[in-house]
Amino acid sequence: MSGSHTNSGVYVCDECGDVSFGDSSSCCDESMSAVEATPVESPDLAVVLRDVFGISETGLKVCLCLMEDGESTASDVAERLGIDRSTVGRQLNHLTDIGLLDKRQRLLKDGGYVNVYSPVPVEEVRRRLTVGLYAWMEEALELVEHVNREKLDALARADGEGDDEQAGIYWDG
């Protein structure tokens, strides 16, 4: 847990206690007050990339390889990193889906085509990750808003089996 307080744009309504992030507009016809907020655990980039965007360590290696090479095929990346081509292909598709890479098709002389991947400029990556983080945060806040004792009990009992949507949650113990 971090010991430093940050001014992170967290506000609380003095009347009803509602909490808002980045929006100090009024609630209950009262203005909201800024509160000092300390993260439970300070995030690091690897955790954010993994937990919010689903980028594995392998995915990060693939992305960095393309940032260095500028443009490559899945086979080229797999050979350079010594990773199975199908694994690299899955990572490239995921990185393309979340907007970190661009994909285009190159026609082959003998017919057919090959997918060629290239990195998106860093400023654009930063913008896309910011938008994605805000979208993730909005959904996470919605989950927190609906927390109640029954849901917490169900999560604690979840053993990873069955059709329960929350089953299989990983708990550090």
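Only the coordinates and a few stated rules stand behind these numbers; no lab work does. The structure displayed is predicted, hence computed values, not measured ones. Glycine also receives a Cβ, built like all others from the backbone with ideal geometry; neighbour counts cover every protein chain displayed.
Scanning residues 5 or more positions from E71 or on other chains, none has an amide H under 5 Å from its amide H, with H placed 1.01 Å from N in the peptide plane. With neighbours defined as other Cβ atoms within 10 Å of a residue's Cβ, the residues V35, V125, V62 order from fewest to most as V35, V125, V62. Database remark: amide H of I55 closer than 5 angstrom to the amide H of R50 (H placed geometrically; neighbours at sequence offset of 5 or more, or on other chains; Pro and chain starts carry no H). Applying 1/(1 + (r/R0)^6) with R0 = 22 Å to the Cβ-Cβ distance of S118 and T87 gives a FRET efficiency near 0.65. For the range 43-156, the residue among L100, G82, V144 whose Cα projects farthest onto the positive side of the dipole built from Cβ charges is G82.
Other residues within the sphere of radius under 15 Å centred on the Cβ of L81, judged by their own Cβ, net out at -2 (K and R +1, D and E -1). Each of Y117, Y11 was scored by other Cβ atoms within 10 Å of its Cβ. Listed from fewest to most, they are Y11, Y117. Each part gets one Cα centre, and for the range 125-147 versus the range 57-83 those centres are 28 Å apart. As a proxy for reagent exposure, V88, V147, V40 were ordered by neighbouring Cβ count within 10 angstrom, fewest first; the result is V40, V147, V88. Around the Cα centre of the range 43-156, unit charges on the Cβ atoms of Lys, Arg, Asp and Glu (plus for the first two, minus for the last two) sum to a dipole of about 360 debye. Applying the Karplus relation 6.51 cos²θ - 1.76 cosθ + 1.60 with θ = phi - 60° to the range 71-79 yields 3J(HN,Hα) values of 7, 7, 9, 4, 5, 4, 5, 4, 5 Hz, where x marks Gly and Pro. By the scheme Lys and Arg +1, Asp and Glu -1, what is the net charge of all other residues having a beta-carbon under 11 Å from that of Y117? Within the 11 Å Cβ shell, the charges total -1. The HN-Hα couplings worked out from phi for the range 44-58 by the Karplus form 6.51 cos²θ - 1.76 cosθ + 1.60 (θ = phi - 60°) are 10, 4, 4, 5, 4, 4, 6, 7, 8, 10, x, 8, 7, 4, 5 Hz, whole numbers, x standing for Gly and Pro.
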